[in-house]
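Right, one structure below, let's go through it.
The values are calculated or read from the model by the stated rules, or taken from the named source; none is laboratory data. All of these numbers come straight from a predicted model, not from anything done at the bench. Cβ: placed from backbone, ideal geometry, glycine included. Neighbour counts: every protein chain shown. The accessibility values were calculated without ligands, DNA or RNA, using every heavy atom of the protein model including side chains. Shrake-Rupley method; radii C 1.70, N 1.55, O 1.52, S 1.80 Å.
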Amino acid sequence: MDFIPIDYETLRLIWWALLGVLLIGFAIMGGMDLGMGALLPAVARTDEERRVMLNLQGPTWEGNQVWLVLGGGAIFAAFPPLYAVSFSGFYLAMIVILLALILRPVGFKFRGKITDPRWRNAWDTALFIGGFVPALIFGVAVGNALLGAPFDLDNTLRPSYLGNFFGLLSPFALLCGLVSLGMLVVMGASVLAARTAGPLAERSGRYGQWAALATIVLFGLAGLWIAFGIEGYVITSALVTDQASNPLTKTVVREVGGWMANYSAHSWTIIAPLLGFAGMAGAALTMKARPGALTIVSAGLGVFGIVATAGLSMFPFLLPSSHNPVASLTVWDATSSHLTLFIMLIVTAFFMPIILAYTSWVYKVMSGPVTTESLGKNPNAY
């Protein structure tokens with residue numbers, strides 16, 4: 001592949017970083033919607049307040065899901081072994097997430113069709129489930145990635161998953177789920193507090209402040225658990241970064257505190273957890289006092305830092321194997337070919353700016369407060 005101007009190792013790093021960007025993009029953009037859904041029964045007490053929440057999400061939620069689709073597509077195309085193991089091993093968990101996500105568009109469309117309070121309450125419950133369940137399970141998935149998934153590879157690199165759905169619900173994984181839920185609730189509350197008014201904005205700020213403080217505590221507890229309570233994964237053989245993908249050519253050991261090695265080897269990585277704590281603290285401080293763009297940015301930085309912390313802690317691992325650590329998938333041995341990664345990078349370089357430009361334009365057009373008064377002026381309101 002002498003005609004490719006970027007070497008294989010660099011392309012692998014680029015695609016690892018791009019996958020992180022896509023996942024963080026969904027955590028921030030889609031997290032706004034999931035967080036608002038999880039907050040729905042707590043902060044919206046009247047039908048008008050619930051309509052305000054729906055119309056705040058309505059114009060943009062479909063576009064925010066693009067980040068999730070892009071993330072799944074990037075895993076499929078750039079990291080096919082990761083796609084094969086995770087999408088088959090976590091199949092039931094993903095079905096639960098998809099079923100919950102399906103409730104959201106149906107709820108948006110059907111809630112306002114009938115004025116009966118029982119009908120609308122039923123769809124409000126569906127919208128709550130559609131926000132709460134994915135926000136929790138996405139974090140549980142990250143927790144299981146840190147613990148290692150029970151899979152193995154045979155001599156032909158064919159994966160076999162040896163676990164079950166309930167095995168995913170370990171105490172540490174559930175803690176990670178609560179961290180995920182907390183940070184996405186903060187993301188949703190920051191938007192609600194900044195772009196609504198009256199009691200709805202006040203309650204959103206109050207619940208968002210509590211969620212931010214809870215996220216700081218839970219994130220810190222998870223960090224201590226990772227450092228002193230669970231075994232991380234460490235590659236003990238020489239790293240081969242530019243050869244064809246074959247996870248079985250390395251040796252891996254498990255040791256307590258293994259996920260902290262990158263912070264010792266590369267001191268700059270400590271920026272990620274510090275950003276997580278600082279972002280959530282900034283959101284908590286501004287949520288009730290003066291919610292606005294600073295609140296949303298602070299919450300977004302907090303989400304960025306927390307998600308980046310998980311990725312940097314695990315690097316170069318993508319999905320370790322708790323059953324056979326040698327079969328663990330890493331950035332260096334679970335990617336597509338050199339040519340495939342290069343072609344995909346060219347396509348991404350063309351389409352990503354279009355997606356970013358379109359998303360920016362939509363949010364600019366849809367900016368401004370959403371109130372009960374504005375609903376009366378909009379014939380297309382939910």
* PHE110: in contact (Cβ under 8 Å) with a residue 60 or more places away in the chain and either touching a helix residue (DSSP H, G or I) at 6+ places or on another chain (Cβ under 6 Å) or more than 30 Å from ALA173 (Cβ to Cβ) (or both), yes or no? -> no
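Return yes when ALA214 is open to solvent by 20 Å² or more (accessible area, probe 1.4 Å) and part of a helix (DSSP H, G or I) and no when it is not.
Against the criterion (open to solvent by 20 Å² or more (accessible area, probe 1.4 Å) and part of a helix (DSSP H, G or I)), ALA214 qualifies.
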* Asked: Which of the residues spanning region 66-89 are open to solvent by less than 30 Å² (accessible area, probe 1.4 Å) and either of a type outside the set (Gly, Ala, Ser) or within 18 Å of the chain's Cα centre (by Cα) (or both)?
  -> TRP67, GLY71, GLY72, ALA74, ILE75, PHE79, LEU82, VAL85, SER86
* State yes or no: is ARG104 open to solvent by less than 20 Å² (accessible area, probe 1.4 Å), in a helix (DSSP H, G or I), more than 20 Å from MET187 (Cβ to Cβ) and among the basic types (Lys, Arg)? => no
* Does THR340 meet the test of being surrounded by fewer than 18 Cβ atoms within 10 Å (Cβ to Cβ) and under 30 Å from ALA44 (Cα atoms)? -> no
* Keeping to region 228-247, report how many residues are surrounded by 15 or more Cβ atoms within 10 Å (Cβ to Cβ) and either outside any loop (DSSP other than H, G, I, E, B) or touching an Asp or Glu at 6+ places or on another chain (Cβ under 9 Å) (or both). => 8
* Which of the residues spanning region 262-305 are buried (at least 24 other Cβ atoms within 10 Å of the Cβ) and more than 29 Å from GLY368 (Cβ to Cβ)? -> GLY276
